[in-house]
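Engineer: Structure provided below as structure tokens; questions to follow.
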């Protein structure tokens, strides 16, 4: 029998399913920068298509063919092909945001970093079941940090508190569901931050 804690953990895992996170991030960016309506519409719909709907469609096909059991892809051995399809979708997304929509450099670097992160966890997953959920949350935080670096601002304390709580809650959710170990969720979180924040921070420092 599922406990309330397990149900909450499951709901959180669905809401922050890794393929949903890029769309959340782009929506937050458009809101923060008051982006023009058409730009916002193309960015959000393009992100939803390339980083969510296309990978999910590929996973659905793999499920139907019997190569993957479910959308959560709990078995690490089943993750390689879905992750490869996801990496391809993310690569086209990076091109859309950076080249087609001419987004600010920091956002382009965040998208590229997220693509690199997916590629890295695809490789790591062959040996160790690193948490994609926490990589996504870490990627959101890394993108936020890049945003503040761009504006040369220090985030408000409540912003730091919100993102810290979200990270801890998602770590709890994945551990509660016995989906990962402590090390796997921590490693995923750090990988997401590193890939989406460090490249732009280095470029900003050098320039």
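The values are calculated or read from the model by the stated rules, or taken from the named source; none is laboratory data. Small disclaimer: the values here were computed from a predicted structure and weren't measured. All Cβ positions, glycine included, derive from the backbone under ideal geometry; neighbour counts span all protein chains shown.
Engineer: Please go through region 58-107 and give me each residue that is under 18 Å from residue 14 (Cα atoms), more than 20 Å from the chain's Cα centre (by Cα) and touching a residue at least 12 places away in the same chain (Cβ under 8 Å), ordered by number.
Structural biologist: 68
Engineer: Does any residue in region 146-164 that is without any contact (Cβ under 8 Å) to a residue 24 or more places away in the chain come within less than 9 Å, Cβ to Cβ, of a residue that is not in a helix (DSSP H, G or I) six or more places away or on a different chain, and which pairs are these?
Structural biologist: 148/154; 148/155; 163/155
Engineer: What are the residues in region 147-182 that are under 26 Å from residue 109 (Cα atoms), touching a helix residue (DSSP H, G or I) at 6+ places or on another chain (Cβ under 6 Å) and surrounded by fewer than 23 Cβ atoms within 10 Å (Cβ to Cβ), if any?
Structural biologist: Going residue by residue through region 147-182, those that are under 26 Å from residue 109 (Cα atoms) are 147-168, 170-171.
Narrowing the set further to residues that are touching a helix residue (DSSP H, G or I) at 6+ places or on another chain (Cβ under 6 Å) leaves 149-150, 155, 163, 167, 170-171.
Of everything in region 147-182, those that are under 26 Å from residue 109 (Cα atoms), touching a helix residue (DSSP H, G or I) at 6+ places or on another chain (Cβ under 6 Å) and surrounded by fewer than 23 Cβ atoms within 10 Å (Cβ to Cβ) turn out to be 149, 150, 155, 163, 167, 171.
Engineer: Let me ask something else. From 89, 139, 113, 98, which residue is closer than 18 Å to residue 174 by Cβ and crowded, with 17+ Cβ neighbours inside 10 Å? Write out each step before concluding.
Structural biologist: On the way: 89 fails: closer than 18 Å to residue 174 by Cβ; 113 fails: closer than 18 Å to residue 174 by Cβ; 98 fails: closer than 18 Å to residue 174 by Cβ.
Being closer than 18 Å to residue 174 by Cβ and crowded, with 17+ Cβ neighbours inside 10 Å holds for just one of 89, 139, 113, 98, which is 139.
Engineer: Could you say whether any residue in region 102-109 is on the phi < 0 side of the Ramachandran plot and surrounded by fewer than 18 Cβ atoms within 10 Å (Cβ to Cβ)?
Structural biologist: Narrowing region 102-109 to residues on the phi < 0 side of the Ramachandran plot: 103-109.
If we keep only those that are surrounded by fewer than 18 Cβ atoms within 10 Å (Cβ to Cβ) as well, we get 104-105.
Yes, region 102-109 has at least one match.
Engineer: Oh, and also: Determine whether region 40-53 contains at least one residue that is surrounded by fewer than 16 Cβ atoms within 10 Å (Cβ to Cβ) and over 30 Å from residue 145 (Cα atoms).
Structural biologist: No, there is no match, as no residue in region 40-53 is surrounded by fewer than 16 Cβ atoms within 10 Å (Cβ to Cβ) and over 30 Å from residue 145 (Cα atoms).
Engineer: Could you tell me whether any residue of region 183-195 is more than 26 Å from residue 10 (Cα to Cα), in contact with a helix residue (DSSP H, G or I) (Cβ under 8 Å, 6 or more places away or on another chain), at pLDDT 95 or above and surrounded by fewer than 24 Cβ atoms within 10 Å (Cβ to Cβ)?
Structural biologist: If we filter region 183-195 for residues that are more than 26 Å from residue 10 (Cα to Cα), which is where we start, we get 194-195.
Add one more test, that the residue is in contact with a helix residue (DSSP H, G or I) (Cβ under 8 Å, 6 or more places away or on another chain), and what stays is 194-195.
Within this subset, residues satisfying the condition of being at pLDDT 95 or above are 194-195.
Narrowing the set further to residues that are surrounded by fewer than 24 Cβ atoms within 10 Å (Cβ to Cβ) leaves 194.
Yes, there is a match, as at least one residue in region 183-195 is more than 26 Å from residue 10 (Cα to Cα), in contact with a helix residue (DSSP H, G or I) (Cβ under 8 Å, 6 or more places away or on another chain), at pLDDT 95 or above and surrounded by fewer than 24 Cβ atoms within 10 Å (Cβ to Cβ).
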